[in-house]
Amino acid sequence: MKIVIGNDHAGVGLKNTIKAFLEEKGYEVINVGTDTTESVDYPVYGEKVGRCVADGKADLGIAICGTGLGISLAANKVRGIRACVCSEPYTAVMSRRHNNCNVLCFGARVVGEDLAKMIVEEWLNAKFEGGRHQRRVDLIMKIEEEKN
Ligand code: RB5
């Protein structure tokens with residue numbers, strides 16, 4: 001499975017930790033984030049992660065900024081993306097089971113390294129349940145098709 005990971009300057013350290021964690025587990029990781037702490041604009045990186053998933057270059061995405069919020073807002077503007085900010089494992093699991101989340105977001109200024117690893121692991125192990133949840137996800141995606 002291929003996972004794209006992206007981040008702004010606030011997320012460099014945690015990105016490197018999560019990238020190494022995923023590679024140790026055998027995942028192929030595509031890094032589209034910044035690799036320095038020089039200030040950058042998080043929407044650029046949220047969009048990069050979102051496009052990589054939407055174009056099928058990666059199966060799932062992980063996006064990290066200071067809070068997880070800005071980068072998730074940007075990723076969610078890409079058609080087909082369901083980006084969820086998850087600061088603990090329960091929400092991360094449910095974001096897969098019920099919402100078929102395809103981009104996991106969190107904040108490097110919010111979660112520590114060990115918690116982030118746990119969030120990522122539980123998120124990757126969780127499976128979309130389909131059924132009534134598919135209907136609801138379809139309703140979300142239909143909003144993208146409407147003229148706004
Ligand atoms: C950058 O200082 C910070 O605003 C950004 O990382 C993120 O938290 C935005 O939502």
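Things worth noting here:
- Given charges at Cβ of Lys, Arg, Asp, Glu: the chain dipole, positive-most of Val53, Gly6, Thr34: Val53
- By the Cβ rule of 4.7 Å, the chain holds the following cysteines without a possible disulfide partner: Cys52, Cys65, Cys86, Cys105.
- Charged-residue dipole, Cβ positions (Lys, Arg, Asp, Glu), the chain about Cα centre, Debye nearest 20: 580 debye
- Folded to 0 to 90 degrees: helix 42-54 orientation relative to the chain principal axis, Cα: 50 degrees
- For the chain, the longest principal axis of the Cα atoms and the long axis of helix 113-125 meet at an angle of about 30 degrees.
- Candidates Met94, Gly107, Gly66 compared by Cα position along the dipole of the range 42-148: farthest toward the positive end lies Met94, with charges placed on Cβ.
- Between Cys52, Cys65, Cys84, the residue with the greatest mean-square fluctuation in the GNM of the chain (Cα pairs under 10 Å linked by springs) is Cys52.
- Here the gap between Tyr90 and Asn76, fully extended at 0.36 nm per residue and compared with their Cα-Cα distance, gives a gain of 2.9 nm.
- Calculated mean residue ellipticity at 222 nm for the chain: -14500 deg cm²/dmol, from DSSP H runs with n ≥ 4 weighted as -39500 (n - 2.57), summed, divided by the residue count and rounded to 500.
- Estimated translational D of the range 1-116 in µm²/s (Stokes, Kirkwood radius over Cα pairs; 20 °C; 1.002 mPa s): 159 µm²/s
- Helix axis angle, 12-24 relative to the chain longest principal axis, alpha carbon, degrees: 70 degrees
- Amide H contacts for Ile5 (H built 1.01 Å from N in the peptide plane; partners 5 or more residues away or on another chain; cut-off under 5 Å): Ile30, Asn31, Val32, Ile62.
Here, each number is a calculation from the coordinates, and none is a lab measurement. Note that the coordinates shown come from a computational prediction; the quantities given were computed from them, not determined experimentally. Please note: Cβ atoms are built from the backbone with ideal geometry, for glycine as well, and neighbour counts cover all protein chains shown.
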